[in-house]
Amino acid sequence: MMTTLLLFFHLFFLHPLHLSVSEIFHNPESQSLEITQRIFTDDLEDALRHFSKQKIDVLNPKDPEAFSRVLQQYLAQNFKLQLNGKPIEPTYIGYEIESDALWVYWEVPKVKKLKEIGVQNTIFFEMFDDQTNLINVDKDGNIRSLKLTEGEEKGQLRY
């Protein structure tokens, strides 16, 4: 019984959480999609080192511009969007660090109507087989979500 409790405790409380959250907001006033991604810095550091084959310090980058370029390249390769059936490339705005997370900002201009959005998110799949990437899409105050995991890295929402 004690062994079972210890195993339960280890599996559910000590196992690290591998999660990213992306928020996509359709702004009808500016006719754009505003995208925010929240990514844990320790996981990101491991993934960027693997991706770039360079030593990277997310919290204190030696060259913030070079770090920003590697970050943008990694995310662009692993986070892809389709809008109303057509592939789109969001414009990278920048990032900021808050505690143990990095917030990354993107924008897609000239989005008058959002009828359908497709998302492929493979962030950290090369690092963790239990990675979960949540996508929340806010259109007119109606929030709908996708849960993307390895093997199910694509999802689509229709309005």
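FYI, it's all coordinate maths here, none of it is from the lab. All values reported here derive from a predicted model rather than from experimental measurement.
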Taking the chain and counting helices only, DSSP H stretches of n ≥ 4 at -39,500 (n - 2.57) each over all residues, the nearest-500 ellipticity at 222 nm comes to -7000 deg cm²/dmol
Taking Cα atoms, the helix 41-52 axis meets the longest principal axis of the chain at an angle in degrees (rounded to 10) of 80 degrees
Over all viewing directions the Cα convex hull of the chain casts an average projected area in nm² of 11.5 nm²
Expected max-MSF residue from PHE125, PHE79, PHE51 in the GNM of the chain (alpha carbon, under 10 Å) is PHE51
